[in-house]
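The values are calculated or read from the model by the stated rules, or taken from the named source; none is laboratory data. In this text the structure is predicted, and so the values were computed from the model without any measurement. Reconstructed Cβ throughout: ideal geometry from the backbone, glycine too, with neighbour counts over all protein chains shown.
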Amino acid sequence: MTVPTSASDTAPKPSPGPGSSPGAPQFRAFRPAVPPVSWIVRPRLTALTAALAVGTFLLFCWGLSMGDYPIGFADVVRALFGSGDAGTVLVVEELRLPRALVGLLAGVAFGVSGALFQTMTRNPLASPDMIGLTQGAGTAVVAGIVLGWDGGLGTQTLGLLGALATALIVYALAWRRGATGYRIILVGIGVSWICSSATDYLVAKGGRFQAQAALGWLVGNLNGRTWGEVGPLALALAVLLPVTLVLGRLLRTLQLGDDVAIGLGTRVQPVRLAVLLAGVGLIAFATAAAGPVAFVALAAPQIAQRLAGTAWPPTLAAGLTGALMTLGSDLIARTLIPSTELPVGVVTGVLGAPVLLWLLVRANRAGSGG
Amino acid sequence: MSADPMSTEPKPAGAEPVAGAHQAVATDPDLRAHDVRLAYDNRIVVDGLDLAVPPGRITAIVGANACGKSTLLRALARLLTPREGAVHLDGRALNSLPTRELAQRLGILPQSPVAPEGLTVADLVNRGRSPHQTWWRQWSKADELAVDRALAATGMTDLAERPVDELSGGQRQRAWIAMAVAQGTPVLLLDEPTTYLDLAHQIDVLDLITDLNRRENRTIVMVLHDLNQACRYADHVVAMKSGRIVAEGAPAEVITAETVEDVFDLMCRITPDPVSGTPMVIPMGRHHGTPTTAAVEEDSRA
């Protein structure tokens, strides 16, 4: 991992733009010829997002090239676009692509979902894996495996229902004159423990083979993914990602506290509900496809935020960081012990924690979160 | 919720000052509470209260702790919906106005707001523009101009790139006020804007608020703890006790020894502020002076 330029290195330099005041902002204006459109461009965030996108693509292709039948990098890229010899195309598109796509899409979903929850509650601890959504999805899926409703669509639907039900329970219990961020975390941690206990009970109750299957799923696993798992996840992302990008602007005022946000014209409760639903949808579909992969939703937004030097987790960059973490962990899991494939969730936990700790220590030393 | 209505643009044409008019603000805002009952859960804090905010002036709401002054301010800012009665802005009930449209006309700075760690002053002040922004129009020339002006008016231009949480208490409060200034509302409500500031910074912030009132003709309503500061900086003082308005009017009419004793349960003497000439409250306490002689002196002066 390359060491990013820290905030202190890039001291605010006055932008040479015309008419700029002495304390020129770190951001620049993007105002195309069409009059009503205007955006803020943050050079550091833009560069980071581009770098993350390239990195994700490279890891994605690298993952596709690895396996019992090694394929060259160039051949992988060619096969992705349908050209090359038939055997390679078959191996890449039918056997390896679903796994890589689930890793990519689930990683994006975990990262974005974590960014949404952390911004909404103004607390980095309030990621979906901390407030019980992942655990709720896990309980539902394990119940399905142990009680015998397994199957491709079954797992998807159960995971979704489990996460949604947990979200509703947390929201209902945390609601008191409007659910506040702090209460959501406290209630969520409680609900998360209840779900974990229920899952443990189900695993203990289930037969040996079922318990094995449930445990394998519970650590987060990309082995043997099929197109049946890619489809729903891709559809969910296609719908929910644009929604979250639009919600991002409203989240920026929500981050200042409810009273300030209302004063700035944000309809706090509807926005919060929309963010909650989008975040739950993302986490539910991703968990259903890849299992409750540990730590990505918690760490990816925080890593992206520190790399971008912003005061909030940037949505898109958080998603790409999540994809990078998931794909990278899957690669490590596959190469570490080549004979038995390690579940990806084991690696994300081991790998993600030190990265986050390093960032926290570094931020503390610098005296700020930048 | 993505569809931000375009129709809520601040009126560009008709708002231009009429030739010969002295003030830049065309119409003075009319903010008033009608017979409001304010409550948290089942605890009624304010009942049957009427208040008309004098337009273009600075109003200070004073009173003992838990007298309902902050609650009243929250109701004026639509952060709290009255159980009965209503708050009206220019003749329309606040809860019938879209919150975004309201945010273009009325700004609120809550007590000691907290900025996210690492948020720069420029970013914070830019958030003040959000009632005027849509997702496709997030940094227009008008936004940039308003932010630059707000930074200049609050003396924060040179600190624009600094994170808010690294600033001193006084600078931090200035940054938040800059955000409210950038919002560009004719009415600005502030809940104890001087809390946790040392005396010099309290005066600094109150001077800044006076500037906003005098230069830009903004109507200001603020909750203040310090009676002497309320007398000096406000044109209109509202004294509250247990959810009722005990007295309101010019500081010299409202802040008398009798009112202070009634509202704060505090014996005091009132003398003219040597600097501004407004009433100045000198509390007596149990160990200094005798209540009787003080009352006699007060009587003889009156």
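Of the residues in segment A:269-290, how many are of a type outside the set (Gly, Ala, Ser), more than 14 Å from chain B (Cβ to nearest Cβ) and farther than 11 Å from A:PHE117 by Cβ?
Residues meeting the conditions: 2.
Name the helices (runs of 4 or more DSSP H) wholly inside segment B:115-199 in which the number of residues that are closer than 17 Å to B:ASP211 by Cα is 1 or more.
The helices (runs of 4 or more DSSP H) meeting that bar are B:141-153, B:169-183.
Looking for something facing chain B (nearest Cβ under 10 Å), aliphatic (A, V, I, L, M) and touching a helix residue (DSSP H, G or I) at 6+ places or on another chain (Cβ under 9 Å) - is there at least one such residue anywhere in segment A:291-313?
So far as segment A:291-313 goes, yes, one or more of its residues are facing chain B (nearest Cβ under 10 Å), aliphatic (A, V, I, L, M) and touching a helix residue (DSSP H, G or I) at 6+ places or on another chain (Cβ under 9 Å).
Could you tell me which of the residues A:ALA53, A:ALA100, A:ALA86, A:ALA109 is of a type outside the set (Asp, Glu), free of Cβ contacts under 8 Å to residues at least 60 places away in the same chain and more than 14 Å from chain B (Cβ to nearest Cβ)?
Result of the check over A:ALA53, A:ALA100, A:ALA86, A:ALA109: A:ALA86.
Where residues in segment B:88-108 are within 14 Å of chain A (Cβ to nearest Cβ) and part of a strand (DSSP E or B), which of them is nearest to the chain's Cα centre (by Cα)?
B:ILE108
If B:ARG57 passes every condition in (1) surrounded by 21 or more Cβ atoms within 10 Å (Cβ to Cβ); (2) more than 11 Å from every other protein chain (Cβ to nearest Cβ); (3) farther than 12 Å from B:VAL36 by Cβ; (4) not hydroxyl-bearing (Ser, Thr, Tyr) but one, which one does it miss?
Only one criterion is unmet by B:ARG57, namely (1).
Residue under question is B:VAL125, and the condition is that it be surrounded by 19 or more Cβ atoms within 10 Å (Cβ to Cβ), more than 9 Å from every other protein chain (Cβ to nearest Cβ), over 19 Å from A:PRO314 (Cβ atoms) and at pLDDT 95 or above; does it hold?
So B:VAL125 passes the test.
Please work out which residue is nearest to the other protein chains (Cβ to nearest Cβ), limiting yourself to segment B:35-53 and to residues that are within 20 Å of B:ASP235 (Cβ to Cβ) and surrounded by fewer than 17 Cβ atoms within 10 Å (Cβ to Cβ).
Checking each candidate, the answer is B:ALA52.
Return a yes/no flag: does segment A:306-313 have any residue that is surrounded by fewer than 24 Cβ atoms within 10 Å (Cβ to Cβ), at positive phi and either at pLDDT 90 or above or not in a helix (DSSP H, G or I) (or both).
Yes, there is a match, as at least one residue in segment A:306-313 is surrounded by fewer than 24 Cβ atoms within 10 Å (Cβ to Cβ), at positive phi and either at pLDDT 90 or above or not in a helix (DSSP H, G or I) (or both).
Please find, among B:LEU72, B:LEU89, the residue that is crowded, with 16+ Cβ neighbours inside 10 Å, within 30 Å of B:SER140 (Cβ to Cβ) and at pLDDT 95 or above.
When all the criteria are applied, what remains is B:LEU89.
Of (1) of a type in the set (D, E, K, R); (2) crowded, with 23+ Cβ neighbours inside 10 Å; (3) within 14 Å of chain B (Cβ to nearest Cβ), A:ASP330 satisfies all except one. Which?
That leaves (3) as the condition not met.
Could you tell me whether any residue of segment B:160-174 is under 28 Å from B:GLY68 (Cα atoms), among the polar types (S, T, N, Q) and facing chain A (nearest Cβ under 9 Å)?
Among the residues of segment B:160-174, not one is under 28 Å from B:GLY68 (Cα atoms), among the polar types (S, T, N, Q) and facing chain A (nearest Cβ under 9 Å), which makes the answer no.
Matching residues to (1) surrounded by fewer than 22 Cβ atoms within 10 Å (Cβ to Cβ); (2) within 13 Å of chain B (Cβ to nearest Cβ); (3) farther than 30 Å from A:THR348 by Cβ:
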{"position": "A:ASN223", "(1), (2), (3)": "yes, no, no"}
{"position": "A:GLY228", "(1), (2), (3)": "yes, no, no"}
{"position": "A:GLY231", "(1), (2), (3)": "yes, no, no"}
{"position": "A:VAL239", "(1), (2), (3)": "yes, no, no"}
{"position": "A:LEU245", "(1), (2), (3)": "yes, yes, no"}
{"position": "A:LEU254", "(1), (2), (3)": "no, yes, no"}
{"position": "A:ASP259", "(1), (2), (3)": "yes, yes, yes"}
{"position": "A:GLY263", "(1), (2), (3)": "no, yes, yes"}
{"position": "A:THR266", "(1), (2), (3)": "no, yes, yes"}
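State all residues of segment B:132-155 that are over 21 Å from B:LEU102 (Cβ atoms), in contact with a strand residue (DSSP E or B) (Cβ under 9 Å, 6 or more places away or on another chain) and more than 7 Å from chain A (Cβ to nearest Cβ); if no residue qualifies, say none.
If the condition is that a residue be over 21 Å from B:LEU102 (Cβ atoms), in contact with a strand residue (DSSP E or B) (Cβ under 9 Å, 6 or more places away or on another chain) and more than 7 Å from chain A (Cβ to nearest Cβ), then B:LYS141 is the only one that fits.
Inspect segment B:188-201 for any residue being within 7 Å of chain A (Cβ to nearest Cβ), of a type outside the set (Val, Ile, Thr) and buried (at least 20 other Cβ atoms within 10 Å of the Cβ) and give the result as yes or no.
No, segment B:188-201 has no match at all.
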